[in-house]
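**Q** Before I ask anything, let me first share the structure, which is written out below as structure tokens.
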Amino acid sequence: MNPTTVRKIDLAKTEAENARMLLRREWLLTNGLGGYASGTISGSVARRYHGLLIAALPAPLGRVVMLNHLAEFLVMNDGRRLQIGGEEPSYLDQADPEHHHLWEFRLEEGLPAWRFVAEDIVLEKRLLLVHGQNTLHVTYNLESGTDVARLHLRPSLHFRRHEDDVAQRLQEYTLSIRGRHFEVAAGEPMPPLRLSMDDETAVFTSEGGRTREIPYQVEAERGYPARGSLWSPGYFGVELRPGIPTTLIASTEPWATILALNPAEARNADAERRQRLLALAHPKAQEGPAAELVLAADQFIITPAGRVEDAARARATGDEVRTVIAGYHWFTDWGRDTMISFEGLTLTTGRHLEAGWILRTFAHYIRDGLIPNYFPDGENEGVYHTADATLWFFHAMDRYVEVSGDRITLERILPQFVDIAERHLQGTSFGIGVDPSDGLLRQGAPGYQLTWMDAKVDGWVVTPRRGKAVELNALWYNALRLLEGWLRESGDETGAAKYADAARRARESFNRRFWSGQLGHLIDVVDGEQGDDPACRPNQVFAISLRHPILDEAHWAAVLGTVERELLTPVGLRSLSRSHADYKARYFGDLRARDAAYHQGTVWGWLIGPFVDAWLKVHPEDRAGARRFIEGMLPHLDEGCVGSISEIFDAEKPFTPRGCVAQAWSVAEALRCWVKTAA
């Protein structure tokens, strides 16, 4: 095992207050289908999304919580029963070395492991989701101690879609027992949860079903229903013997699939896969924090469960379907997030084959010159209300061709890129189209949020940005220049000249309309609903960072200086300058309060990527300086979701992580720029 891919949180000598904080940190494990397991490192359930098996099931189910919790007890030879995991949140109130038995949490090559110490007993627990299956292995190994008789494991469950509120009424469950195989069913459309233990000493005690109510702390903080019930069929008891691991298996797969690999074989296969991922990655990403980010990046690349038609169509052409989960726990696959995170997730990691599959998958879904904004969980059709995702598609293709050399995919999709450009020139859905008076791209439709600053709650679009947004025109110009080059390479000089002319018009108008010498930065939106919006936002950095910068080079240093002074933090860029009247320093409270702050100051980790790109254009010899902007994120790998990077952060110290605990573009851009700034 590569020691640089082991991240350890030591709780043995931690003061009580710090222990309580550490125990609330989270972990994430994924299965390559969009399914996952996640929780606090204490073992307590704090979110509706926490569970040991959130299965990715065919439409219309989507992701479903199948195994919510596993209570763990050591039963000593003298009859004492010691709780070794945090069954209830109240456990955290006793989190000090004299009361809790969790002494260490680790990520080893991305896999979570716990070490419990109770008197002279040392017990290790490891989790594994079998890749490509909805199958969980929870393995326990007695490392030392002779005073333990048995381990009791009590599974608790509430079958529900993972975004459903926790107060939803429990179904009627039935337990079926066939030898050493156990099935809990709730009827159609849910599959049964299949349980087994790979230990001949294991005995299951059926109690006829026991229900308990638990609080969900984070849901309460976020303003959602925060008390729900879990049902348990009984508990497993197993003898612990030194050096002989015992594994609980939970799955929604058929028994033949579940038993095809025993726990040792499954773990060896997973270790081989993870080592292969590290070997494929860029040489500068094979050790240290970058290697951890390579394994974190793997969590977002999935084969979408249940898209049978997509899979059949792709396989008929020799492809496979791949897409990108934008963030855990609640995001699905989003077009914008996929294209922005594309280079870091697939090219920096050496996963070129899958990169091609992703591009060709999204090309199939182009409608009216747009790629989908996102695919709703449990559905096969995309939602298209985005003005920038399609333009990021051009950027992703450019990076793919340069890194992989695969021009066949470019040639295959090139006619679709031409159609996209034509539909933008003529005007397409949601008011997206070029203004013939100045060649700039405008967008906007009532009730829609079409840029990446897309918060909306109760019909209120917080930052509508209708009009001509700065980053959309930077992306539009970049797309036109890329298309010009691709057409010229294909021998289509007439087409190349047409898009070159459109690019020149857009650039001339952009520099005349967006640059403000008085402000020293770019206007965020021109010709908006209320006129021009001079707000200082990070969107202006794309006018420098893209392959074909739309901003005149004479203004690069001024814009970059303003962004650095007003927006830069150790964990990304603020979404709005602190001097603006709408600035919000913290992202907290109920949904309306959070969305009011989402793009009004809140820091976004992924924006460090384009900032580094812009910095290296202005300071091309200063890779060491650019590296320092990323190093601020390293302490965060021990916070939030251990080993990953959150979606957003508060805008002021201590830059508390918020939003999704693991976000694709945050991880991807940090990884990409870590490699880019390597000595």
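**Q** Starting at 0 and stepping by 5 Å, how many percent of the alpha carbon pairs of segment 281-426 end up in each bin?
**A** 2, 10, 19, 22, 22, 14, 7, 3, 1, 0
**Q** Let me ask you something else. Mind sorting 103, 392, 460 by how few other Cβ atoms lie within 10 Å of their own Cβ, fewest first?
**A** With the sparsest Cβ surroundings first, the list reads 460, 103, 392.
**Q** How compact is segment 3-274 by the rule of thumb for globular proteins, expressed as Cα Rg over 2.2 N^0.38 Å?
**A** 0.95
**Q** Between helix 407-426 and the chain, what is the angle of the helix's C-alpha long axis to the longest principal axis, kept within 0 to 90° and rounded to the nearest 10?
**A** 60
**Q** Hey, another quick one. What's the center-to-center distance, using Cα atoms, between segment 339-417 and segment 195-223 in Å?
**A** Each part reduced to its Cα centre gives a spacing of 41 Å.
**Q** Also, I was wondering about something else. What do you get for the angle between helix 389-404 and the principal long axis of the chain? Use alpha-carbon atoms, 0 to 90 degrees, nearest ten.
**A** 80
**Q** Then there's this: Given that just one value was derived from the coordinates, which of (i) -0.28, -0.55, -0.72; (ii) -0.35, -0.64, -0.78; (iii) -0.24, -0.47, -0.61 is log10 I(q)/I(0) by the Debye sum over Cα atoms at q = 0.05, 0.07, 0.08 Å⁻¹?
**A** Comparing each candidate, only (iii) matches the computed number.
**Q** Using Cα pairs under 8 angstrom and six or more residues apart, how large is the relative contact order of segment 281-426, in percent?
**A** Taking the mean separation of contacting Cα pairs over the length of segment 281-426, I get 21 percent.
**Q** Let me ask something else. In terms of modelled amide H atoms, which long-range or inter-chain residues lie less than 5 Å from the amide H of residue 568?
**A** Answer set, sorted by chain and number: 574.
**Q** What list of ³J(HN,Hα) values in whole Hz, one per residue of segment 453-465 in order, does the Karplus curve 6.51 cos²θ - 1.76 cosθ + 1.60 (θ = phi - 60°) give from phi, with Gly and Pro shown as x?
**A** 7, 10, 5, 8, 8, 6, x, 8, 8, 5, 10, x, 6
**Q** Restricting to DSSP loop positions (anything but H, G, I, E, B) with no more than 11 other Cβ atoms inside 10 Å of their own Cβ, which chymotrypsin sites (Phe, Trp or Tyr not before Pro) remain in segment 249-336?
**A** Passing sites in segment 249-336 do not exist.
**Q** Any idea how far apart residue 220 and residue 206 come out in nm if each label point goes 7 Å out from Cα toward Cβ?
**A** 3.6
**Q** Taking the number of other C-beta atoms within 10 Å as the exposure measure, put 57, 634, 522 in order starting with the fewest.
**A** With the fewest neighbours first, 57, 634, 522 line up as 634, 57, 522.
**Q** Would you order 205, 428 from fewest to most other beta-carbon atoms within 10 Å of each residue's own beta-carbon?
**A** Listing 205, 428 from fewest to most nearby Cβ atoms yields 205, 428.
**Q** Shifting gears a bit: Please report how far the C-alpha centroid of segment 465-523 lies from that of segment 237-301, rounded to the nearest whole angstrom.
**A** The two parts, judged by their Cα centres, are 46 Å apart.
**Q** Quick one: Karplus J couplings for segment 106-118, per residue in order, coefficients 6.51, -1.76, 1.60, θ = phi - 60°, nearest Hz, x for Gly and Pro?
**A** Taking θ as phi minus 60°, the curve returns 9, 10, 10, 6, x, 9, x, 9, 10, 10, 9, 10, 9 Hz for segment 106-118.
**Q** Further question on the same structure: Taking the Cα centre of each part, how many Å lie between segment 532-559 and segment 615-662?
**A** 21
**Q** First check a/c for segment 526-679, with a ≥ b ≥ c the square roots of the eigenvalues of its C-alpha gyration tensor; if it is under 1.5, answer rounded, and if not, answer prolate when a/b is larger than b/c or oblate otherwise.
**A** Note, shape of segment 526-679 comes out oblate.
**Q** Report, to the nearest 10°, how far helix 608-618 tilts away from the longest principal axis of the Cα atoms in the chain, using its own Cα long axis and a range of 0 to 90°.
**A** Rounded to the nearest ten degrees, it is 40.
**Q** Moving on. When the Karplus curve 6.51 cos²θ - 1.76 cosθ + 1.60 is applied with θ = phi - 60°, which whole-Hz ³J(HN,Hα) does each residue of segment 303-310 get, with x for Gly and Pro?
**A** With the stated coefficients, segment 303-310 comes to 9, x, 5, x, 8, 5, 5, 4 Hz.
**Q** Can you tell me how much longer the chain between residue 164 and residue 593 gets when fully stretched, taken as 0.36 nm per residue apart minus their C-alpha distance, in nm with one decimal?
**A** Roughly 152.4 nm would be gained on extension.
**Q** Hey, another quick one. Using only Cα atoms, figure out Rg for segment 539-580 and give it as a multiple of 2.2 N^0.38 Å.
**A** 1.19
Throughout, read-outs are computed from the coordinates displayed, never taken from laboratory work. Since the model is a prediction, treat every value here as computed from it, not as a measurement. Using ideal geometry, Cβ is built from the backbone for each residue, glycine included, and neighbour counts are taken over all protein chains shown.
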